[in-house]
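Read-outs throughout are calculated quantities, based only on the coordinates presented, and are distinct from any laboratory measurement. Quick caveat, the model's predicted, so the values are computed rather than measured. Cβ coordinates were reconstructed from backbone atoms using ideal geometry, including for glycine residues, and neighbour counts include every protein chain displayed.
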Amino acid sequence: MALSKSSVLRTLNGLFSVYKPPGVIWKNVRDTLEMTLLKELNSLHEHSSQQKMLFLPESSGGCSGVELTKVITSVPSLVDHVLVKGPAYTFLKIGVGHKLDKMSSGVLVFGFGDGARLLTVMDENHYTRDYTVCGTFGQATADFSDAGKIVEKTTFDHISREKFERVLAVIQGANQKSLIMHSNVDLKSEEAYNLAVQGQLRPKVKTPPLILALRCLEFSPPDFTLEIRCMHETQKYLRKLIHEIGLELRSTAVCNKVRCIRDGPFTLDCALTRAHWNLDSVRNAIRECQPKVEEILQERMDFSLKSTNSEESHGHRNRGTQSS
């Protein structure tokens with residue numbers, strides 16, 4: 001049985017993700033989705049077309065010639081026809097999560113209806129994101145990417161994997177200290193230890209970009225590939241990071257590719273490719289991502305509870321210090 005436009009629209013309520021290809025602006029992805037979904041929504045037929053009764057003339061032959069009589073006839077009503085009324089839907093409320101710039105690719109989260117509010121909750125949860133980032137030693141550019149204007153060329157033969165991973169460890173260690181500082185927890189407390197062991201140590205406020213993990217996936221000079229776990233980052237920051245790694249190794253490096261493989265609970269496995277940016281696929285994706293929505297809301301509750309307990313504990317310690 002065909003579904004009505006209104007019933008289908010009600011199912012477009014929640015979160016889902018798509019795979020943004022490189023070379024495409026995120027706004028173009030959003031506009032393409034909206035245009036496709038509006039076209040399919042407006043093409044849906046209601047369960048029954050409206051009819052109206054009219055007295056229409058009908059000719060019949062008689063002894064005195066042709067006679068006209070009025071006959072009651074049921075005809076379709078054109079009041080709601082698209083050529084009369086216009087399209088039923090001209091706008092969809094679509095929110096966008098953490099944005100990817102034109103040169104980047106990967107997971108891009110969208111929210112329909114109430115999902116737009118959930119995107120704000122995701123941001124307040126301070127989720128981490130994973131990227132695969134590719135770089136090349138031997139040159140530097142104005143914008144830190146391989147497409148930018150070359151400003152310097154250097155040698156790289158002296159760079160070994162051991163030296164490379166040593167620099168990665170130093171960068172990760174410095175960022176871990178910054179994470180602990182921004183997390184506002186007592187480093188000597190059991191809470192801080194448990195959060196660190198579980199990998200759930202997060203800042204309670206917006207911070208500068210933080211690198212939580214750096215792992216070398218491939219090292220074949222001049223090319224290398226990193227897996228980076230971070231938060232509050234931009235893709236430009238990641239490209240600059242590749243540039244700074246080159247400088248630390250007494251060379252230079254440019255970024256060839258930035259690919260987001262995870263944004264919070266959303267991974268590449270659930271991201272819709274371009275061939276599936278249609279109404280049925282989006283509805284299925286929203287339904288399949290419902291457990292992720294519940295996880296986001298639960299984490300928000302847990303995060304708020306931990307923040308409250310931490311503030312109360314901090315207040316008790318301050319009062320105790322003042323009393324003594």
Per-residue counts of other Cβ atoms within 10 Å, averaged by peptide: what ranking do you get for 138-146, 165-173, highest first?
138-146, 165-173
Prolate/oblate/rounded label for the stretch 227-305 (Cα gyration tensor, a/c 1.5):
oblate
Given the options 221, 252, 235, identify the residue whose Cα lies farthest towards the positive end of the charge dipole of the stretch 217-258 (+1 on Cβ of Lys, Arg; -1 on Cβ of Asp, Glu).
235
